[in-house]
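Working notes for the structure below.
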Amino acid sequence: MSSAEAVVTAAGAARKLRVQHLGMVYGRDGEAVSALEDINLDVSEGEFVCVVGPSGCGKSTLLNVLAGFLSATSGSVTIDGEAVSGPDPRRILVFQERGVFPWLTVEGNIGFGLSKLPRAEREARIAHYVQTVRLQGFENAYPSDLSGGMKQRLQVARALAVNPDILYLDEPFGALDSITRVIMRGELLRIWQTERRTILFVTHDIDEAVQMADRVVVLSSRPAQIKDILTIDIPHPRNISSPRYLELRDELLKQIGLAYQV
Amino acid sequence: MSSIAKPRVWEGVFWPAVATVLLLAVWQYSVVFTGTKVFPSPMNVKTGVVELLQKHVLWADIGDSLRRVALGFGAAVLLGIPVGLWLGWSAAANQVVNPVLQILRPISPIAWIPVAIIFFGVGDRAAIFLIFLASFFPIVLACVSGVSSVPPVLRSAGRNFGLSSPQLLRRVILPAALPQILVGVRIALGIAWLVVVAAEMIAVDSGLGYLVIDSRNSGKRYDLVVAAMLMIGIIGLVLDFSIRQVERIKSVRWGFRDAS
Amino acid sequence: MKVPVWLRPVLFIAVLLAVWQVAIYRHPGQLLPGPIGVASGILDLMQHGLLLRYVVASLFRVTWGFGLAVVVAIPLGLMLGWYRRGEMAFYPLVQVFRPISPLAWIPVAILWFGVGDLAAIFLIFVGSFFPLLLTAMSAVHNIPAVYFNAGRNFGLSPGAFVSRVLYPAVVPQLLTGLRLTLGIAWLVVVAAEMIAVSSGLGFLIVDARNAGNRYDLVVAGMVLIGAIGLLLDLAMRSLERVRSFHWSVSED
């Protein structure tokens, strides 16, 4: 079950993010290059949406526009009805790597966006999110003492600490080894189910998308357009050997244009 | 790096001791062998040092040299870091100002002496100005380099958390650039120490540099010349070592993969 | 009115020169020349045939002093970098000698070589020796361990290893070190000439002032020193960019 232009959403949940006719054209060496073309997307509150596509198709560009780091050349992005015009702590982006501040400890990083809070509350929040991402014992460690997976968890904690409306993740597990990746997926899902955040997750890993998302947005190669939006109707925890899982996975592979025999 | 087994801890003391003894022996032997009346032997130098200490001249000279360095270098740090940060931050400003810096930089501070004397007269202030000038450029350039090598990811992250530009500078850019800035500061301190000695040889009449020149001029006391040179080397080493200690503070150490 | 990018620094310099000239006008009877005075000073030097002679004298000393230092310090540094124990032995000594300004060596230089060219060359040698030694040692340390393993894996003889792995691996860092040390050598030659010899750009500065307060020549000398120092630096940078050396990023 798929539709080319998804409108609303699961079970009457409020619409959080609305992207309409989004286009992004930039000039390179005098030529106009179209990165995104007519992207339309609605994301509900508390939804977990994955965006997949081949490398270089513009998924990161899309995320940067949605986060406010880039300005689209056409179309609009609104969150809770308000237009996105620049970076804002209400929508935090978790980067693929090197996003943590190396000169701050784990506590320092998590507390980075909390400087306006009174001390007691700040410390309480930091402690809470250290627990949430399971970095207890490392409060005073520096990022150079942490593994790749731990650093990504730290980024997530830092992001969640400021209570954002939306969490964007740009291939956050891309730089990790495959075993750590599997573990991190479970962690993120656990956190999501506890905190019930709205999450937009960009990845090139199809399995990752099917395992985690409520819906998967498939982008074509550059210029990126929405080829399809698949709804993953398997409840969590998902059995990755179940027929329905494999069916959805194959559907996704087909959408991206890949054979499923190596 | 060599294919021989890893050196033991005691070797860290043993080999330098061997080298030093070797050097002293070669030194002593050449003095005896050439029969020179003028160049001092190691023993002469040692008595020279003692003599300087007893006459209390040495402490005063060391104090003078250090004071000039403190003032000139301190001014360079106080002025150079803000200027460097600004140039690193504003590519437009850097593009305009950088060529001027690149033209002024290769002019030896010593070549500035006549000009310095015109502005400040002969004496302390001219020397301090020269030290300031010599330290200023490495610090500014290190700041520019440090700021421009801050990964864009960190800037974006800072903006994402709602930081304004001044806040971004203070809370992200400065800490991220700090390791490189410290390297520049350390290099500038080394340069300052070289320049103070040179300036003292030409433009003032106290300090370790002056001691070197004066010991020769008034009596060909080469034992004192070499003693003063040794002092210069040791104090320079201590200064360098002290700054390296700052580089080892935890919240800065991340920037130094291996302290070398 | 949008000023083209390349023009902006030029305009900035022009503004500075104008300010300088105005400041000179407003203080007549001053010893310092304005930019116009400096330009005529340079012309003066050219007409007397001194410009070329002094520049050549300074470059001559730098070439010899720096060249000797390269020939001695680089192989020595590479060896010390390679043999841990050798480095352990000499590192403290080097660290004590390095902070001693080359100028502090002047009395010793004059004692050994008398006043003249040799003393100046010796000073430049001393000033260049330690930075080059340390650069070479550091370059060997920075060779990634994988290169050594790969070399051994392919069964290279020591000679082949040096020429096919060690040398290419250290060249980029050595080139950067050479450029920076050449800059140091240029600073030292000027200082050395101000004290110990009777020709060259450094000498020009001292002499012009002593024999008649010709500050136009003093500043002309400074300008020439800066210009040549800059040219030397640019020349070294273009050497770094030569295709066959350019396999690593150089940072200054």
| query | Based on the alpha-carbon gyration tensor of chain B and its eigenvalue square roots a ≥ b ≥ c, which shape applies: rounded if a/c is under 1.5, prolate if not and a/b is larger than b/c, or oblate? | reply | oblate
| Extension reserve of the B:A92-B:A70 stretch, reckoned as 0.36 nm per residue once the Cα distance is removed | 4.7 nm
| For A:A35, residues with placed amide H under 5 Å, excluding near neighbours | A:M24, A:V25, A:Y26
| query | Once you sort the root eigenvalues of the Cα gyration tensor of the stretch C:110-218 as a ≥ b ≥ c, which label holds: rounded (a/c under 1.5), prolate (a/b larger than b/c) or oblate (the other case)? | reply | prolate
| message | Which order do the peptides B:28-36, B:132-140, B:245-253, A:74-82 come out in when sorted by mean C-beta neighbours inside 10 angstrom, highest first? | response | B:132-140, A:74-82, B:245-253, B:28-36
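Could you tell me the calculated FRET efficiency between C:V5 and B:Q167, based on Cβ-Cβ distance and R0 = 30 angstrom, to the nearest 0.05?
Values: r = 30 Å, r/R0 = 0.99.
Between C:V5 and B:Q167 the formula returns 0.50.
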| request: Hey, can you grab everything whose amide H is under 5 Å from the amide H of A:K227? Only 5+ residues off in sequence or another chain; H modelled, so Pro and N-termini drop out. | output: A:V218, A:L219, A:S220
| query | Long-range amide H contacts for A:V51: which residues qualify at under 5 Å (H placed 1.01 Å from N, peptide plane, sequence gap of 5 or more or a different chain)? | reply | A:F201, A:V202, A:T203, A:V217
| task | Kindly express, to the nearest 10 degrees and within the range 0 to 90, the angle between helix A:178-195's C-alpha long axis and the longest C-alpha principal axis of chain A. | result | 80
| field | Calculated from backbone phi, Karplus (6.51, -1.76, 1.60) coupling profile of the stretch B:248-256 in Hz, x at Gly/Pro | value | 9, 4, 3, 6, 10, 4, 4, x, 10
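Subtracting the Cα-Cα distance from 0.36 nm times the residue separation, let me have the gained length for C:R152 to C:D44 in nm, one decimal. Before the final figure, lay out each step's value.
Values: separation 108, 0.36 × 108 = 38.88 nm, distance 6.30 nm.
Stretched fully, the C:R152-C:D44 segment lengthens by 32.6 nm.
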| field | Under Karplus coefficients 6.51, -1.76 and 1.60, residue-wise ³J(HN,Hα) of the stretch A:249-255 in Hz, glycine/proline x | value | 5, 5, 4, 5, 4, 5, 4
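Report the rotationally averaged projected area of the stretch A:91-163 based on its alpha-carbon convex hull, in square nanometres.
Details: hull surface 17.8 nm².
Here the figure is 4.4 nm², rounded to one decimal.
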| aspartates and glutamates with Cα under 15 Å of B:K37, excluding same-chain neighbours fewer than 8 positions away | B:D223
| Hey, which aspartates and glutamates would be in cross-link range of A:K151, C-alpha to C-alpha under 13 Å, not counting anything within fewer than 8 residues on its own chain? | A:E97, A:E107, A:E139
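Counting each DSSP H run of 4 or more residues in the protein assembly as shown as -39500 (n - 2.57), what helix-only mean residue ellipticity at 222 nm follows after dividing by all residues, to the nearest 500 deg cm²/dmol? Display every interim value, and only then the final one.
On the way: 30 runs with 471 residues, N = 774.
Value at 222 nm, helices only: -20000 deg cm²/dmol.
What are the semi-axes of the equivalent ellipsoid for the protein assembly as shown, taken as the square roots of 5 times the Cα gyration tensor eigenvalues, largest first, in whole Å?
Values: eigenvalues 742, 198, 122 Å².
Over the Cα atoms of the protein assembly as shown, the semi-axes work out to 61, 31, 25 Å.
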| message | Projecting each Cα onto the charge dipole of the stretch C:41-241 (Lys/Arg +1, Asp/Glu -1 at the beta carbon, about the Cα centre), which of C:W186, C:I225, C:L43 comes out farthest on the positive side? | response | C:W186
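Based on the alpha-carbon gyration tensor of chain A and its eigenvalue square roots a ≥ b ≥ c, which shape applies: rounded if a/c is under 1.5, prolate if not and a/b is larger than b/c, or oblate? Let's see the in-between values first.
On the way: a/c = 1.63, a/b = 1.32, b/c = 1.23.
Prolate is the answer for chain A, as a/c is 1.5 or above and a/b outweighs b/c.
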| note | Sequence order, the stretch A:47-58: Karplus ³J(HN,Hα) from phi using 6.51 cos²θ - 1.76 cosθ + 1.60, θ = phi - 60°, Hz rounded, Gly and Pro as x, gives 7, 10, 10, 9, 10, 10, x, x, 4, x, 7, x
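None of the figures in this text is laboratory data; all of them are computed from the coordinates on show. Predicted model, so just to flag it, every value in this text is computed and none were measured. Methodologically, a virtual Cβ is constructed for each residue, glycine included, from the backbone with ideal geometry; neighbour enumeration extends over all protein chains shown.
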